[in-house]
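Input: a single structure, listed below in structure tokens.
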Amino acid sequence: MSQQPLLNLEKVNTHIDQFHILQNVNFTVKKGELTLLLGRNGAGKTTTLRTIIGLNPPTKGRVMFNGEDISAIPPYKIAKKGIGYVPEDQGIFYDLTVGENMRVAMMKEDDATQKRLESSLELFPDLKKFWKKPGGQLSGGQKQMLSIARAFVNETDLLLIDEPSKGLAPVIVEKVIEAIEKIKEHTTVVLVEQNFYMAKRLGDRFYILDDGLSVHEGYMNELDENEELKRKYLGIG
Amino acid sequence: MELFINLAINGVAMGMLIFLIASGLTLIFGLMSVLNFAHGGLFAWGAYSGVFFYVLLDNFWLGILLAIVTGILLGWITEFLIVRPVYGNHIRQILITLGFMLVLTEMLKVVFGPNIINAPTPEYLQGSWMIGDITIIKYRAFIIAVGLILFIVMYSVLRYSKVGLVVRAGVMNKEMIQALGVNIKKVFVIVFMVGSALAALGGALFAPSSGAIYAEMGMEFGIFAFIVVIIGGMGSIPGSLLAALLVGMANTFTAYYVPILSMVVTMLIMLVVLIFRPQGLFNVSGVSNK
């Protein structure tokens, strides 16, 4: 496993309207790892992902991806550089069918993309079953699967996934965990997650955000053993 | 019975003309949610440039083509200078596009003069066919054919092509489509230009049908287009076609049987539809400004 950083946030500050959400956040993602962004509600986890993909660009600081500064690049160009995004609300196009949702996400229509589409459908067989069903009529779990599959259908070096377990039944959460485990074999992942069971199963390293500041980082096994840290910043224990 | 069929054919032709005017607005207002009150101005500019180039070059089809080009150029100017700074703000859109509508109308008078201008019909589209006691006016048949072709093309592109999918997805969730690698601003500029070109095409085809054009025609018919889009359901191409046909038929039949009602029948249809189906006849759900 290479230790070269794939993504590096250097003293990133992000404002949304008059609110100063991220304050000098430093954050490094190594190739091949699954890095977790943890913290309580309102800590700035979602904003961090939105800052990386360019939907809330930083007001100060730099976002480096593959050695290139992407801080001032529009979201569509960032996506084309190989960053996939699965938002918290899944971002499903409700009137489009499952098939159309997948097709609209495909940046290329070459053999490699077709192969990845097939892999996505193997990962989530339900999508094949509901191929012609409008996205708005899917269950919460199916929407989450579609959202992940859609981000995975293009050649991505980095996948940003925001709270994939939110609102899902435990049996569906298990399916999502298994899918992300498989995705992890091919792609570097940054995962925002409040479900500590899922975080523990999937994470290699973690960052804890608190009030827009990155307050702690380390390996997941260290966090699992640190009861005080879990209680203080994650409200567990 | 012949009278009924004649009226029905006229109603369909009028409906198709209204659809030609409204089709561009279906994209701009119905899909992109931009309250472009300058749409009527683009329609009037299409009518004037169509007639001007037809007379100048003595070629009806070149006139139509150059009217479309005029629409594309004016659409680009409208989007870039007028609409771009006010995306997502309906009040500002109404104010600024209404102002631009006045500018477009007055510019027509500056360029072409303030008088009514005759709009000729090409010889091969003049006259009518008689089938028994049924009269089919050639130009109306032509309008019906163009309207149908336009409907099929627009519907197919939006429903089945990748570009159509991108537009529909972009309207539903602008952020997500960008995160999937699509430059939605560029897509919307193109959609706006296509919508404006359709308004100009509507104007160029309308002119020979009415026989005369005048600068204020944009204001008059622009409102018609908005009503049709609202009745049909925001962003729905089949909805706009159905609404246009409904309005066209209602206008034609009331003009013959109850002339006093013909002035208000369009408003009455809109009123009834808004009371019983506020989302319009065909609703495209999931439209958001996110």
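Some values worked out for this structure:
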{"read-out": "Residue list for the range A:28-61, restricted to those being more than 14 Å from chain B (Cβ to nearest Cβ) and in a helix (DSSP H, G or I)", "value": "A:K45, A:T48"}
{"read-out": "Residue check for B:G113: under 29 Å from B:L57 (Cβ atoms), without any contact (Cβ under 8 Å) to a residue 60 or more places away in the chain and more than 14 Å from chain A (Cβ to nearest Cβ)", "value": "yes"}
{"read-out": "Filter pass, A:E118 being more than 12 Å from every other protein chain (Cβ to nearest Cβ) and among the acidic types (D, E)", "value": "yes"}
{"read-out": "Test: residue in the range B:278-285 that is of a type outside the set (S, T, N, Q) and without any contact (Cβ under 8 Å) to a residue 24 or more places away in the chain", "value": "yes"}
{"read-out": "The range B:163-183: number of residues that are within 7 Å of chain A (Cβ to nearest Cβ) and either of a type outside the set (G, A, S) or open to solvent by 30 Å² or more (accessible area, probe 1.4 Å) (or both)", "value": "11"}
{"read-out": "Answer residue from the range A:87-105, given it is more than 9 Å from every other protein chain (Cβ to nearest Cβ) and β-branched (V, I, T) and is least open to solvent (accessible area, probe 1.4 Å) among those", "value": "A:V98"}
{"read-out": "Where A:I78 falls short, out of the listed (1) part of a helix (DSSP H, G or I); (2) open to solvent by 30 Å² or more (accessible area, probe 1.4 Å); (3) aliphatic (A, V, I, L, M)", "value": "(2)"}
{"read-out": "Some residue of the range A:47-67 being under 23 Å from A:G218 (Cα atoms) and among the small types (G, A, S)", "value": "yes"}
{"read-out": "Any chance A:K143 is within 14 Å of another protein chain (Cβ to nearest Cβ), open to solvent by 10 Å² or more (accessible area, probe 1.4 Å) and not in a helix (DSSP H, G or I)", "value": "no"}
{"read-out": "Checklist (1) out of contact with any Gly (no Cβ under 7 Å at 6 or more places or on another chain); (2) not in a helix (DSSP H, G or I) applied to B:F37, failing item", "value": "(1)"}
{"read-out": "Restricting the range B:92-101 to residues that are free of Cβ contacts under 8 Å to residues at least 40 places away in the same chain and within 21 Å of the chain's Cα centre (by Cα), the residue that is least open to solvent (accessible area, probe 1.4 Å)", "value": "B:G99"}
{"read-out": "Members of the range A:63-81 found to be more than 23 Å from A:G32 (Cβ to Cβ) and away from every other protein chain (no Cβ under 14 Å), listed by number", "value": "A:S71, A:A72"}
{"read-out": "Filter result (in contact with a Ser or Thr (Cβ under 8 Å, 6 or more places away or on another chain) and of a type in the set (F, W, Y)) within the range A:125-172", "value": "A:W131, A:F152"}
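The values are calculated or read from the model by the stated rules, or taken from the named source; none is laboratory data. Just so it is clear, the model here is predicted, and its values are computed rather than measured. Heads up, the Cβs are rebuilt from the backbone with ideal geometry, glycines too, and the neighbour counts pull from every protein chain shown. Side chains included, ligands, DNA and RNA excluded: accessible areas come from the protein's heavy atoms. Shrake-Rupley method; radii C 1.70, N 1.55, O 1.52, S 1.80 Å.
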